[in-house]
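S.K.: Before we start, here is the structure in question, set down as structure tokens.
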Amino acid sequence: MTEDRKKQIIEQISSAAKIDEGAERGRKFRNIVGALCLEFVRTGDRWFLDEAIKTAGLVTDDPSKAYLEIAKTMAKVSINKNDACMLDEALIITEKITDEIELSVALHDVVQAQAVIGIKQNNETLFSRSIDLINRIPRDTYRSSTYRNIARMIMKSNPGKARRFLDKSIEIIEGKKIEPLFLASAFLDISHLLATLIDMRYGDFLRKAIELVDKMEDESDRSAILLKTIETEIALAKLLKDDILRKEASGHSERISREYYKTLSIKCITQ
């Protein structure tokens, strides 16, 4: 089965190479890279990864997306295989990504994988390296998110260090000109993490997130963040045994204008 799939992909690469129009040829190659990455995750066969890297090198029109897919896949497989060496290769791949957002996404995944493996192996050197690598993430929102996710990983084992990482996450985004949707989402995540650490600042960040809702002009964005606010308040109500938060969550549901999000909010509240 695997050998048949390899033959199919080789044929697809050969067919794509014959396309004259650059953008269409690049699109085909990127799709093939995606397929190769999926097979690498499924089988663990290194051939698929090597072919994905080779194929990404054939993309002349916006190759960053292809290399992003490869870096994310390597991060995922490295965790499955508990293989820190693969992450060294993944970091080299990220150097080929020129788009700032796509580079942030790739490094976000690679850095978190490094932290996971460091924790799995009880290897402080690997874990510390993951923290150092966060500074290579260009976008504030992704750097802040990475600190939060690593804080979440160690919250039970080392709450003091988790709080320091969470403070760093707050420092990166607080007061910055960030789109209200992303900032509100970050504040809600911060609120939940602070509450888990029994840090009373959770209420301040919950309030800040709610205040940002009124700055959102897009109704879908407003509905999406209100749903996340409800989910956060319900989680906090359960954690802190606070019925007031549950009532507030019910009130936010009435403000949701998009039916899809409203249905999800009602389900969340009544569970």
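S.K.: According to a simple spin-label model (label point 7 Å from Cα along Cα-to-Cβ), what is the distance in nm between Ser14 and Ile92?
M.R.: In this crude spin-label approximation the distance works out to 2.9 nm.
S.K.: Can you tell me how much longer the chain between Asn158 and Lys81 gets when fully stretched, taken as 0.36 nm per residue apart minus their C-alpha distance, in nm with one decimal?
M.R.: So the chain would gain 25.2 nm between Asn158 and Lys81.
S.K.: Take the chain, connect every pair of alpha-carbon atoms lying under 10 Å apart with a spring to form a Gaussian network, then pick out the residue of Met153, Met86, Met200 with the largest mean-square fluctuation.
M.R.: Largest GNM mean-square fluctuation: Met200.
S.K.: If you take the beta carbon distance between Asp4 and Glu219 as r and set R0 to 41 Å, what does 1/(1 + (r/R0)^6) give as a FRET efficiency, to the nearest 0.05? It would help to have the intermediate numbers written out before the result.
M.R.: On the way: r = 49 Å, r/R0 = 1.18.
For R0 = 41 Å, the calculated efficiency reads 0.25.
S.K.: Which is the longest run of the chain containing none of the trypsin sites (Lys or Arg not before Pro) found in DSSP loop states (not H, G, I, E, B) with at most 13 other C-beta atoms within 10 Å? Please report the intermediate quantities before stating the final value.
M.R.: Working: sites that count: Lys18, Lys156, Lys176, Lys177, Lys215, Lys241.
Result for the longest clean stretch: 19-155.
S.K.: Determine, from the Cβ-Cβ distance of Lys247 and Gln121 and an R0 of 41 Å, the FRET efficiency 1/(1 + (r/R0)^6), rounded to the nearest 0.05.
M.R.: Efficiency computed from Cβ-Cβ geometry: 0.35.
S.K.: I would also like to ask the following. Considering only the other residues whose Cβ falls under 13 Å of the Cβ of Ile170, what net charge follows from Lys and Arg at +1 and Asp and Glu at -1?
M.R.: +1
S.K.: For Ser64, what is the net charge nearby, where nearby means another residue's Cβ is under 15 Å from its Cβ and Lys, Arg count +1, Asp, Glu -1?
M.R.: Net local charge, Ser64 excluded: -2.
S.K.: Can you figure out the FRET efficiency of Lys177 with Leu239, using R₀ = 30 Å and their beta-carbon distance, to the nearest 0.05?
M.R.: 0.40
S.K.: So, with +1 on the Cβ of K and R and -1 on the Cβ of D and E, and no other charges, what is the size of the charge dipole of the chain about its Cα centre, to the nearest 20 debye?
M.R.: That gives the chain a dipole magnitude of about 780 debye.
S.K.: State the label only: which of (i) 128; (ii) 138; (iii) 161 corresponds to volume of the Cα convex hull per residue in Å³ computed from the shown model?
M.R.: Among (i) 128; (ii) 138; (iii) 161, the one derived from this structure is (iii).
S.K.: Another question, then. Which of rounded, prolate, oblate describes segment 179-271, given a ≥ b ≥ c as roots of the alpha-carbon gyration tensor eigenvalues and a/c under 1.5 marking rounded, otherwise prolate only if a/b is larger than b/c?
M.R.: Working: a/c = 2.23, a/b = 1.22, b/c = 1.82.
Note, shape of segment 179-271 comes out oblate.
S.K.: Give me the one-decimal nm value for the distance between modelled label points at Trp47 and Arg258, 7 Å along each residue's Cα-to-Cβ direction.
M.R.: That separation, rounded to one decimal, is 4.4 nm.
S.K.: Quick one: Cα centre-to-centre distance for segment 142-184 and segment 7-77, in angstrom?
M.R.: 33
S.K.: Moving on. Based on Cα positions only, what radius of gyration and what Dmax would you give for segment 106-149, in angstroms?
M.R.: 9.8, 29
Bear in mind these aren't lab numbers, they're just calculated from the coordinates by the rules spelled out. Everything numeric in this text was worked out from a predicted model, so none of it was measured. No Cβ is skipped: glycine too gets one built from the backbone with ideal geometry, and neighbour counts run over all protein chains shown.
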